[in-house]
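The values are calculated or read from the model by the stated rules, or taken from the named source; none is laboratory data. Values in this document were obtained by computation on a predicted structure and should not be read as measured data. FYI the Cβ positions are ideal-geometry reconstructions off the backbone, even for glycines, and counts take in every protein chain you see.
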Amino acid sequence: MNASTPHHSFDSLGMELLGARARQAARQMLGASGRSKSQALHAMARRLLQQKDPLQAENAKDLDAARRNGLAPALIDRLTLSDKALQTMADGLRQVADMPDPVGSMTASTTRPNGMRVAQMRVPLGVIGIIYESRPNVTIDAAALCLKSGNAAILRGGSEAFHSNLALGAVIRHGLDSAGLPAHAVQIVETTDRAAVGRMATMTEYIDVIVPRGGKGLIARLAAEATVPMIKHLDGNCHVYVDAHADLAKAHDIAVNAKTYRFGVCGAMETLLVHADVAAGFLPRLARTFEEKGVELRGCERTRALIPHAAPATDEDWATEYLAPILAIRIVDGLDQAMDHIARWGSQHTESIVTEDLGAASRFQRQVDSSSVYVNLPTCFADGYEYGLGAEIGISTNRLHARGPVGLEGLTTLKWVLTGDGQLRGA
């Protein structure tokens, strides 16, 4: 597909060409140096700021269409390439550029009795397809992470950001060209047709892994249709458990931060579990704070006895990722009941225990089967930057291949490398 000629209808042959070019680029990227990858990312950062006016002009087309179509203000905010947004994207490119290159790093080698040396080398996954909705910053973030980790990428953004993404694609190509990297190492799908999403999810001959970034509907569709392996999470139904041995002042602040830091993030607390021994001394004050912050409370019968204005909680509430100022609260009789609740209703995303009991903390971290498990921290820390990864491509609740926030290392795999001096295997 030619970058100057957008294709609004689905083009099966065009998708095949994208895939074939990406596969070839992935092979070429195996020989790319860390220096050239960093050079490309720094060039993209400079170009982003140099091309601010043309980028914002293309972004204005998307914003006009979004307003005409009644897109919610929060989504329009995500869509906007403001001066601040562009600066943040440029800063992110530089940060990824300056991170250590994971490709080619080696594990410690062992020497077999015959003198043969055995080790593992970190290598790119290959071709990564990223499918995302109306957030043009993901175009730059995804390109940066895939490029730094030595992968080729096919990016399919949402139709709401169509013109913005094409313009950002030109910035990416400039960076690749300036560093002498393959022109097709990062490609933008130039169609708004949803059929392209379905085709990407089944292009097993070209794409090694799909990373969806979007709402539950998109991810549920891909989970049902994809034959390409995915790095994904469907829900962020996260829990905080306030133990009998919690510092209640600390627990209050953690619970409030976990819920109200940002309601729409996947690490926001959706259910609060409280030990019966501390509920009476803890919940009424917490309820007043949440009321001041406009959070609607829903609770079990024991919770409602302490917070009369809380609505009755149903099984649907325990299962729901609200992404809104709504919180479900349940009083439990101990750590085992709290862990049973999480096992029954959780989404294996992020859970936290608030306790001063080291034994309870250890059991919780060992036995709760989620991708991130905290002690005395709010669940909203579920973010690759906060984990020291620099950036993330997404959060995975998979067991394979990556789990939790997926940074550069999560976009690589390991291969065995053996070195000898003519040893032969005996009978």
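The figures follow:
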quantity: Unmet requirement for L234, which otherwise passes all of (1) within 30 Å of Y387 (Cβ to Cβ); (2) at pLDDT 95 or above; (3) in contact with a helix residue (DSSP H, G or I) (Cβ under 9 Å, 6 or more places away or on another chain); calculated: (2)
quantity: Spans of helices (runs of 4 or more DSSP H) in region 127-201 with at least 2 residues polar (S, T, N, Q); calculated: 137-148, 162-178
quantity: Qualifying residue in region 186-195 (condition: of a type in the set (S, T, N, Q), under 26 Å from L63 (Cα atoms), modelled with pLDDT of 95 or more and more than 16 Å from the chain's Cα centre (by Cα)); calculated: yes
quantity: Tally of residues being over 14 Å from T303 (Cβ atoms) and loosely packed, with under 15 Cβ neighbours inside 10 Å across region 266-276; calculated: 0
quantity: Number of positions in region 107-126 that are closer than 19 Å to L41 by Cβ and among the aliphatic types (A, V, I, L, M); calculated: 1
quantity: Residue identified as part of a helix (DSSP H, G or I) and either touching a residue at least 24 places away in the same chain (Cβ under 8 Å) or loosely packed, with under 12 Cβ neighbours inside 10 Å (or both) among L71, L93, L63; calculated: L93
quantity: Entirely in region 247-358, the helices (runs of 4 or more DSSP H) that have 3 or more residues that are within 30 Å of G214 (Cβ to Cβ); calculated: 248-260, 315-319, 335-345
quantity: Hey, A382 farther than 20 Å from R403 by Cα and either in contact (Cβ under 8 Å) with a residue 24 or more places away in the chain or of a type in the set (G, A, S) (or both) or not; calculated: no
quantity: Long-range neighbours under 8 Å by Cβ, at least six apart or interchain, first residue more than 15 Å from I326 (Cβ to Cβ) and modelled with pLDDT of 95 or more within region 241-266, second of a type in the set (D, E, K, R) and part of a loop (DSSP other than H, G, I, E, B); calculated: D243/D357; A244/D357; H245/E356; H245/D357; A246/E356; D247/E356
